[in-house]
Amino acid sequence: MKKRGFEIVSRYQGMGINIPKRQTKGAAGYDFEAAEDFEIPSIWRLNFVRIFRLIKNGHRLTKQDEQLANETLRPFLVPTGIKSYMREDEYLMLANRSSNPIKRQLILPNGIGIIDSDYYGNENNEGEIFIQVLNFGPRTLRIKKGERIGQGIFMPYLTADDESNDQKERIGGFGSSGE
């Protein structure tokens, strides 16, 4: 019986996607690559500056300003073409590559990502893993297919003694377990 690992999602089968791997014997993280060419615009080229200027100058934001900010200032999801299976008491922690902020001005806005064991094979996207990023550099960042963009580390987790048994089954993909 397989414990943990990676597979290519069906929509990327036969398209030259590489299974994540550790680069050295002592590496904890498995490097994830972009499944396709991808552009990540600089936050400075979006309407971020306009919204920032309004806030900085004490202007009250209208509902339209807030809606525009929410639509514009969103992280980008870089597809990996990869899904991961693991034991029920494990998760895959997604982290930035240490060189990304310095060399590419690329960050994970939530610091880390968590891929739960029941995300694998979900009906919405087959459990495909996406790396969520923001580009704080001055220029649009062009990522080529096959470039390493993040890393995943398998981790065990513990549950509380008095945990209730009313948890739901996962019924969707990215962000499906609630707000």
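Rule-based calculations on the coordinates, nothing more; no lab input. These figures come from a predicted structure and were not determined experimentally. Please note: Cβ atoms are built from the backbone with ideal geometry, for glycine as well, and neighbour counts cover all protein chains shown.
Key figures for this structure:
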| item | result |
| --- | --- |
| Size of charge dipole - the range 8-88 - debye, nearest 20, with Cβ of Lys, Arg +1 and Asp, Glu -1, no other charges | 280 |
| The range 16-82, Rg to Rh (Cα coordinates; Rh as Kirkwood inverse mean 1/r) | 1.23 |
| Full-extension gain in nm, Asp37 to Thr140, via 0.36 nm per residue minus C-alpha separation | 35.8 nm |
| Ratio of Rg to Rh over the range 1-47 (Cα coordinates, Kirkwood Rh, two decimals) | 1.12 |
| Residue of Asp31, Asp89, Asp161 that the Gaussian network model of the chain assigns the largest fluctuation, springs spanning Cα pairs under 10 Å | Asp161 |
| Rounded to 5, the percent of DSSP beta bridges in the chain classed as antiparallel | 95 |
| Isotropic mean projected area of the C-alpha convex hull, the chain (nm²) | 14.0 |
| Residue of Asn57, Asn125, Asn110 that the Gaussian network model of the chain assigns the largest fluctuation, springs spanning Cα pairs under 10 Å | Asn57 |
| Of Val133, Val49, Val78, the one that fluctuates the most in a GNM where the chain has Cα springs shorter than 10 Å | Val49 |
| Label-point gap, in nm, between Arg4 and Glu88 - each point 7 angstrom along Cα→Cβ | 1.7 |
| Over the chain: helical MRE at 222 nm, DSSP H runs n ≥ 4 each giving -39500 (n - 2.57), nearest 500 | -3000 deg cm²/dmol |
| Backbone HN-Hα couplings from phi across the range 142-156 [Karplus 6.51/-1.76/1.60, Hz, Gly and Pro as x] | 9, 9, 8, 3, x, 6, 6, 10, x, 9, x, 10, 6, 9, x |
| Karplus (6.51, -1.76, 1.60) ³J(HN,Hα), θ = phi - 60°, over the range 97-103, in Hz, Gly and Pro reported as x | 6, 4, 7, 4, x, 6, 8 |
| Spin-label model distance (nm) - Asn110 vs Gln13, 7 Å beyond Cα toward Cβ | 2.9 |
| Extension gain, Asp162 back to Ile102 (0.36 nm per residue minus Cα-Cα distance, nm) | 17.2 nm |
